[in-house]
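To start, the structure under review is shown below, and the notes come after it.
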Amino acid sequence: MTNPPGFSTPLPSSTASGKHAATTGGASKGGTEVITHTLANGLEIVVIPDRRVPVVTHMVWYRNGSGDDPARKSGIAHFLEHLMFKGTKKHPIGEFSNVVASLGGQENAFTSYDYTAYYQRIAKEHLGTMMGYEADRMTGLVLEDSVVDPERLVVLEERRMRTDTDPAAQLSEAVAAALYTHNPYGTPIIGWQHEIETLDRHDALAYYKRFYTPENAILVVAGDVEAADVIALADSTYGQIPARGERPVRERPQEPPAVATKRVTVADARVEQPYLLRAWVVPSARTQTDNEAYALELLAEILGGGQTSLLYRHLVLDQGVAVGAGAGYHGTMLDASRFDVYAVPGQGVTIEALDEAVGKVITRLIEEGVTPGELERARTRFIAEMIYAQDSQVHMAHIYGSALAIGETIEDVQQWTQRIEAIDAKAIQEAARQFLTRPYTAGYLLPA
């Protein structure tokens, strides 16, 4: 699903029976082979063979994200992600990145609400080197004020550039804060400026020692590899890190049921194109009680997935009150997710009038339901996307890593297509009736 500029749906799943050397293998409906293993220290391993080119994607996922930031320390997960590139006792600052570049590889890292991940894409013969460096910084990070303080200024500048100078990003942040009144998804991943300014070396080290442990990590390797070789390399590197005990418990406040519809407005002279955003709190794949998440996936596609969607047809093509419209939903969340609908008004159309028109399209879907053609198009597109994703080594590693990081299983990922196919028109209509009639948060972006 597409989103308007400045907005993103809260973000884009190794199971083993025991902690010691339990290995499983299988293939999804689309034919992807997946092998899992768990080292004695608790590190989970997922291997996704892809032998088309002699390249591997090496990813380490930690089961912590900005949603696990301590009170008054927003942004610490993201800040630590930056600091993880500052060197260890064995390897000084810059060495790891220089080695990756000298070997012709690529590297990066990212922080989400529910996980933090580090990855390299490199020729397969250098996989062991990547594991050695990544395992080293799982425990050997060295932080001094002389390194931490300048990096804090870098993060503050990142926030200024991405959010504080962008009205659309400001509205997105404000909508999330109004939508989630209790759950940490209402706090920006990068953190609030006044709290970022207080983060120091002690905060970073405390967070690092709590979450950066082998039993809290997932190693995903996709590429031209044999599972036995990956496991042996992992055991000789990551496996040498002692376990610290049980995995950290993720205790988060949960969002209470919404009782009031709220409106957030950002008016700024820099706004050239107004637009509307509606957001509802809805179940994720982890919090659903039945199969609501799969129905919501198809609902987002039918309602706002491109130029054949209901919103686009009614608002843009038929009524001419909008020049763009869409919807988005992301089910891979640890806590309750959100369902977004957006529209960009046409010439001379007020945001209020557009908001009313959006509501009528949703009401019509609830009352009339979904046609067989609409359902078939949505299913076909989703299943095709899942099959096409298997052509991307990085994408497959991301799909499995993100799902496992929130507590889903290999089976959850591999059965996703079948579960989508099992959703009928009635289930989609019921999802719209149950969730899109609840109080929501509306965001208006307007020129000053």
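Can you name the residue in region 114-123 that is open to solvent by 10 Å² or more (accessible area, probe 1.4 Å) and not small (Gly, Ala, Ser) and is also nearest to GLY140 (Cα to Cα) among such residues? Don't jump to the end; show me each part of the working.
Taking region 114-123 as the starting set, the residues that turn out to be open to solvent by 10 Å² or more (accessible area, probe 1.4 Å) are 119, 121, 123.
After this cut, where a residue has to be not small (Gly, Ala, Ser) as well, the list is 119, 121.
Working: TYR119: 18, ARG121: 22 Å.
Result: TYR119.
Can you pull out the residues in region 112-131 that are in a helix (DSSP H, G or I) and acidic (Asp, Glu)? Lay out the reasoning, then the answer.
From region 112-131, those in a helix (DSSP H, G or I) are 124-131; that's our starting set.
Within region 112-131, GLU125 is the sole residue that qualifies.
Would you confirm, using the coordinates I've provided, whether GLY105 is of a type in the set (Gly, Ala, Ser), within 25 Å of the chain's Cα centre (by Cα) and either closer than 30 Å to ARG270 by Cβ or open to solvent by less than 10 Å² (accessible area, probe 1.4 Å) (or both)? Break it down into steps so the answer makes sense when it comes.
Working: of a type in the set (Gly, Ala, Ser): yes; within 25 Å of the chain's Cα centre (by Cα): yes; either closer than 30 Å to ARG270 by Cβ or open to solvent by less than 10 Å² (accessible area, probe 1.4 Å) (or both): no.
Considered against the rule, which asks whether it is of a type in the set (Gly, Ala, Ser), within 25 Å of the chain's Cα centre (by Cα) and either closer than 30 Å to ARG270 by Cβ or open to solvent by less than 10 Å² (accessible area, probe 1.4 Å) (or both), GLY105 comes out as no.
Mind checking which strands (runs of 3 or more DSSP E) fall wholly inside region 231-330 and carry at least 2 residues that are among the small types (Gly, Ala, Ser) and open to solvent by less than 30 Å² (accessible area, probe 1.4 Å)?
On the way: elements: 262-268, 275-282, 322-329.
In region 231-330, 322-329 are the strands (runs of 3 or more DSSP E) which contain 2 or more residues that are among the small types (Gly, Ala, Ser) and open to solvent by less than 30 Å² (accessible area, probe 1.4 Å).
Contact annotation: residue pairs with Cβ atoms under 6 Å, 6 or more positions apart or on different chains, pairing a residue in region 362-380 that is under 15 Å from LEU311 (Cα atoms) with a partner that is open to solvent by 60 Å² or more (accessible area, probe 1.4 Å) and modelled with pLDDT of 95 or more, are ILE366/ARG433. Yes or no: ILE218 modelled with pLDDT of 95 or more, within 15 Å of TYR113 (Cα to Cα) and either touching a Phe, Trp or Tyr at 6+ places or on another chain (Cβ under 7 Å) or part of a helix (DSSP H, G or I) (or both)? When the stated conditions are applied, ILE218 does not pass them. Check whether at least one residue in region 395-403 is buried (at least 16 other Cβ atoms within 10 Å of the Cβ), hydrophobic (A, V, I, L, M, F, W, C) and either within 20 Å of VAL282 (Cα to Cα) or touching a His at 6+ places or on another chain (Cβ under 7 Å) (or both), and report yes or no. Scanning region 395-403, I find at least one residue that is buried (at least 16 other Cβ atoms within 10 Å of the Cβ), hydrophobic (A, V, I, L, M, F, W, C) and either within 20 Å of VAL282 (Cα to Cα) or touching a His at 6+ places or on another chain (Cβ under 7 Å) (or both), so the answer is yes.
Within region 132-146, being assigned to a helix (DSSP H, G or I) and open to solvent by 40 Å² or more (accessible area, probe 1.4 Å) holds for THR139, ASP145, SER146.
Have a look at THR111, THR129 and point out the one that is among the polar types (S, T, N, Q), surrounded by 14 or more Cβ atoms within 10 Å (Cβ to Cβ) and more than 26 Å from the chain's Cα centre (by Cα). Steps first, please.
Values: THR111 fails: more than 26 Å from the chain's Cα centre (by Cα).
After ruling out the rest, the residue left standing is THR129.
ASP164 meets the conditions (1) surrounded by 17 or more Cβ atoms within 10 Å (Cβ to Cβ); (2) among the acidic types (Asp, Glu); (3) at pLDDT below 95 in every case but one. The failed one is (1). Out of curiosity, is ALA343 surrounded by 13 or more Cβ atoms within 10 Å (Cβ to Cβ), modelled with pLDDT of 90 or more, assigned to a helix (DSSP H, G or I) and in contact with a helix residue (DSSP H, G or I) (Cβ under 9 Å, 6 or more places away or on another chain)? So ALA343 fails the test.
The values are calculated or read from the model by the stated rules, or taken from the named source; none is laboratory data. Quantities reported herein were computed from a predicted structural model and do not represent experimental measurements. Positions of Cβ are generated from backbone atoms using ideal geometry, with glycine treated the same way; all protein chains shown enter the neighbour counts. Areas reflect the complete protein model, heavy atoms only, side chains present, ligands, DNA and RNA absent. Shrake-Rupley method; radii C 1.70, N 1.55, O 1.52, S 1.80 Å.
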